[in-house]
Amino acid sequence: LSPQVVDYYKEACRALENSETASLLGKIQKDWKKLVQMKIYYFAAVAHLHMGKQAEEQQKFGERVIYFQSALDKLNEAIKLAKGQPETVQEALRFTMDVIGGKYNSAKKDNDFIYHEAVPALDTLQSVKGAPLVKALPVNPTDPAVTGPDIFAKLVPMAAHEASSLYSEEKAKLLRDVMAKIEAKNEVLDQFMDSMQLDPETVDNLEMYSHIPPILMEKCAALSVRPDTVKNLVQSMQVLSGVFTDVEASLKEIRDLLEEDEAQERKLQELLGKVPPAQGSPPPPSPGLAEVSKECSKYMEVHEKASFTNTELHKAMNLHIGNLRLLSGPLEQVRAALPSPALTEDDKQVLQNLKRILAKVQEMRDQRMSLEQQLREMIQKDDITTSLVTTDRSEMKKLFEEQLKKYDQIKVYLEQNLAAQENVLKALTDANVKYATVRKALAEVEHKWNTTVQTLVASYEAYEDLMKKSQEGKDFYTDLEGKAAKLLEKARAACQAAEANRQQILEKEMKKQPPPRPTAPKPALQKKPPELEAAGLDAGDLPPLGSLVLPELPEELRSL
């Protein structure tokens, strides 16, 4: 078989060397010739390989060596010519080299060391004739399996092209008419649905109320691993309230001390005659008390401003503590705290009816889109060029009419779909009227639901902020408490000093004043005093007081 293949390839090589073939193939002629020559050497090597194996069976060890050596030489020539060939060819050549090389080395070694037979020349041996076991098939130039697809298949007469264009225009006209009707109906449907504001997916969001929303579940889970959340917040409130109360008590005591000192100072001034009672401005305090009063006013102002913030903080804490307790509790309580709609059987029936009609609307939309897509695909694939080539020009119009009938069925379906829209929208209008009351109730419940969820989430998120502000408030009031305590001690000391000073002033004034003058008893008219009787005078004979010469008196006594 192999020598016969070699003969076939040699014939092919001679055909490639023909000048007419070379001019027809052009550049590819050299590549083909090289490939054919490579196969000639390859199959010649295979032929001598089998001749060497036959010599081995006949124990002609010298012939075996020369056949294997010839096969090896021819294979080397084939490998040289195979450069640039695909990897599969290279792999086949390598495999053959392993087989022939191994055979040659083994045969040569055995003959050199064991058999010592003479190795004859190759040309002295009988050549092998090829055996043609197949019959060549004739080549049919018109067979697509041989020639490939017809490159002129799309070439049609100009008249057929013109007719095809006219048919395409008829198809386009049909599509425009159908699409105009579809777009008109779609516009009416879209406007109607927009005015209704009905979303089939949320028309009855009853499913929402059957479970706790994920964001709330997340907050509950976070609080479950922090069981002391509410306790910490309450303790923080109590500590803050205690410090606040202590500061307020200290400032009140300072204010009371200052007012008491001021009252004592006024009383002293009244006794000394410097300030008429209940008139004029209060007497100026001592420098120590003036400083205390100034600092007290400053602390009172700061305290009043912080008091408002503290009140707001406590309000926020009281608001959020209840929500935090709820979130920390069982999920059943959280679910029970969320609003849920209470619908009657009639309300549920109204909802079901509305959902059914909305589903019909969506089904009508989907069917319309599907039919439109089918029509477009049919028109796109509709090609009657082959029929136009064999049809007479006078029969073109009739052919068009027959071909366009294939679209009648899908047009009927579209007409039915468009006609059903009016009935569907009328039913939807009636259902929407009945749904109005239910819709309002559901909207109110949904608003309450969302508000409750947002409030609970806000309480969780406000916890850290409340703790932070509470700590800031404790730090502020702790600092203010220390300052107020120092100021209270300072106020007490200043008040004691002022009281001691007032006592000293009173004692000095008492020493300056003479003892009180005794009042003479009023003489009786019936009896003369002994002195007058001794002087022989009557009471009416006494000189006036102004004419008496009084001894010199100090100024303050004269004023008294």
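The values are calculated or read from the model by the stated rules, or taken from the named source; none is laboratory data. Small disclaimer: the values here were computed from a predicted structure and weren't measured. Every residue, glycine as well, gets a Cβ built from its backbone with ideal geometry; the counts of neighbours run over all protein chains shown. SASA here: full protein model, heavy atoms, side chains in, ligands and nucleic acids out. Shrake-Rupley method; radii C 1.70, N 1.55, O 1.52, S 1.80 Å.
Could you tally the net charge around Val6, taking each other residue with its Cβ under 14 Å from the Cβ of Val6, Lys/Arg +1 and Asp/Glu -1? List each step's numbers first, then the result.
Values: positive: Lys10, Arg14, Lys39, Lys74, Lys129; negative: Asp7, Glu11, Glu77.
Result for the local shell: +2.
Given the Cα atoms of the range 1-135, and with Rh set as the inverse mean 1/r over their pairs in the Kirkwood sense, what is Rg to Rh to two decimals? List each step's numbers first, then the result.
Values: Rg = 17.0 Å, Rh = 16.2 Å.
Checking Rg against Rh, the ratio lands at 1.05.
Considering only protein heavy atoms and a 1.4 Å probe, what is the carbon-and-sulfur percentage of the accessible area of the range 1-135? Write out the running numbers ahead of the final one.
Working: 4780 of 8810 Å².
Solvent-exposed carbon and sulfur of the range 1-135 make up 54 percent of the total.
To one decimal place, what orientation-averaged projected area in nm² is obtained for the convex hull of the Cα set of the range 354-437?
Working: hull surface 26.3 nm².
Over every viewing direction, the Cα hull of the range 354-437 projects on average to 6.6 nm².
Pop the C-beta distance of Ala427 and Met378 into the FRET formula with R0 = 30 Å and round what comes out to the nearest 0.05. Numbers along the way, then the final one.
Numbers: r = 32 Å, r/R0 = 1.08.
Efficiency at R0 = 30 Å is approximately 0.40.
By the scheme Lys and Arg +1, Asp and Glu -1, what is the net charge of all other residues having a beta-carbon under 12 Å from that of Lys80? It would help to have the intermediate numbers written out before the result.
Numbers: positive: Lys34, Lys74, Lys83; negative: Asp73, Glu77.
For residues surrounding Lys80, the net value is +1.
Accessible area per residue of the range 1-135 at 1.4 Å probe, in Å²?
Numbers: 8810 Å² over 135 residues.
Here the residues of the range 1-135 average 65 Å² of exposed surface.
Roughly how many whole Å is it from the C-alpha centroid of the range 80-98 to that of the range 139-164?
Centre-to-centre distance over Cα atoms comes out at 41 Å.
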